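Worksheet: one structure, shown below.
The values are calculated or read from the model by the stated rules, or taken from the named source; none is laboratory data. Predicted model only: the values in this text are computed from it and were never measured. Here the Cβ is made from the backbone with ideal geometry for all residues, glycine too, and neighbour counts use every protein chain on show.
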Amino acid sequence: MTALGKTACRKVACALLLLLTMGQVAKAQQNISAADFKDYQFAAPRVAKAYQDYAGKLQALFQQENFSWPPKDILIRSFKAHNEMEIWVKDNGVDTYRLLKTYPICALSGALGPKR
């Protein structure tokens, strides 16, 4: 994979994680609203740029795959041995997750196996 390919992959993954977790992290924090969390994240220039570059693409992906936007719940599974990250989505009124997309992991650090 070229350096440009790795960079694009990282940006998409970062934007996706930010967009999908923004509301969920705020809900987990008792003293912060989703809007405050979003404002805090956008104070970082890289986050704001990734959001600007990829928010529309992610919303289009959700529409293309017949998911509601924004998602109700997400599940992120990562497989180091297979160099993959899966994004699973649960829509409103549905009890099961469906696979949205599998992304390649661009780079790895450390060794496979359990951590201490």
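Scanning the stretch 84-116 for residues that are assigned to a loop (DSSP other than H, G, I, E, B), touching a residue at least 60 places away in the same chain (Cβ under 8 Å) and either within 15 Å of residue 67 (Cβ to Cβ) or in contact with a helix residue (DSSP H, G or I) (Cβ under 6 Å, 6 or more places away or on another chain) (or both) turns up just one, 106.
On the stretch given as the stretch 50-106, residues that are of a type in the set (Phe, Trp, Tyr) and under 20 Å from residue 38 (Cβ atoms) total 4. Taking every residue in the stretch 33-53 that is among the hydrophobic types (A, V, I, L, M, F, W, C) and pairing it with any residue that is modelled with pLDDT under 85 and assigned to a loop (DSSP other than H, G, I, E, B), at least 6 positions away or on another chain, the pairs with Cβ-Cβ distances below 9 Å are 37/29. Here the stretch 28-49 is the region considered, the condition is being at pLDDT 85 or above and either aliphatic (A, V, I, L, M) or part of a loop (DSSP other than H, G, I, E, B) (or both), and the residue that is surrounded by the fewest Cβ atoms within 10 Å (Cβ to Cβ) is 43.
When residue 75 is tested against (1) closer than 28 Å to residue 112 by Cβ; (2) in contact (Cβ under 8 Å) with a residue 24 or more places away in the chain, exactly one condition is not met: (2).
Take the residues in the stretch 73-104 that are out of contact with any Phe, Trp or Tyr (no Cβ under 8 Å at 6 or more places or on another chain) and either within 20 Å of residue 58 (Cβ to Cβ) or of a type in the set (A, V, I, L, M) (or both); name whichever of them is surrounded by the most Cβ atoms within 10 Å (Cβ to Cβ).
The qualifying residue surrounded by the most Cβ atoms within 10 Å (Cβ to Cβ) is 103.
I'd like to verify a number: residues in the stretch 50-83 that are under 23 Å from residue 105 (Cβ atoms) and part of a loop (DSSP other than H, G, I, E, B), how many? Here the count works out to 7.
Please enumerate the residues belonging to the stretch 79-104 that are among the aliphatic types (A, V, I, L, M) and at pLDDT below 85. Result: 81, single match.
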